[in-house]
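Notes for the one structure printed next.
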Amino acid sequence: MLTITASAKKHLKTKCIWANKKYVRLDLKPSGCAGLEYTWDYCDAPSPTDRLVDNLVVVSSEAQSAVSGSTIDYNTERVGSYLTVENPNVLNACGCGVSFTI
């Protein structure tokens, strides 16, 4: 369903420790000029309709089909570091890269 690279796992596990939570939660919300945006949060337990990936990332039931086949990666550059979601389901994205259409 979802691939999480080793660097992303390390980063997300560290963030969970800092937040004193067990999992990272990935969801979608309506936003931006293209329609949807990823949201990241923390939780201690998935709901019955959520999907747990690699015992680390909880994907909401609403986001499951939209992120299916995606890869989460963590990139470090001179100017900063950030998570990326390479999503093959994206049909269109806004110019700033924040919002997208499925």
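If the condition is being surrounded by 15 or more Cβ atoms within 10 Å (Cβ to Cβ) and aromatic (Phe, Trp, Tyr), then region 1-20 contributes no residue at all. Across region 57-99, the qualifying residues are those that are of a type in the set (S, T, N, Q), closer than 20 Å to residue 23 by Cα and within 12 Å of the chain's Cα centre (by Cα), and the one among them that is modelled with the lowest pLDDT is 84.
Scanning region 10-28 for residues that are among the charged types (D, E, K, R) and touching a Leu at 6+ places or on another chain (Cβ under 7 Å) yields a single hit, 13.
Return the residue satisfying two criteria in turn: it lies in region 21-56 and is open to solvent by 40 Å² or more (accessible area, probe 1.4 Å) and among the hydrophobic types (A, V, I, L, M, F, W, C), and of such residues it is farthest from the chain's Cα centre (by Cα). Ranking the qualifying residues of region 21-56, first place goes to 33. Listed by first and then second residue, the pairs with beta-carbon distance under 9 Å, at least 6 apart or on different chains, first residue in region 56-69 and closer than 15 Å to residue 90 by Cα, second assigned to a strand (DSSP E or B) and among the polar types (S, T, N, Q), are 63/39; 69/3. Residues in region 45-95 that are among the acidic types (Asp, Glu) and in contact with a strand residue (DSSP E or B) (Cβ under 7 Å, 6 or more places away or on another chain): 50, 54, 62, 73, 86.
The values are calculated or read from the model by the stated rules, or taken from the named source; none is laboratory data. Keep in mind that what you see is a predicted model, and the values were worked out from it rather than measured. Reconstructed Cβ throughout: ideal geometry from the backbone, glycine too, with neighbour counts over all protein chains shown. With ligands, DNA and RNA removed, areas are computed over all heavy atoms of the protein, side chains included. Shrake-Rupley method; radii C 1.70, N 1.55, O 1.52, S 1.80 Å.
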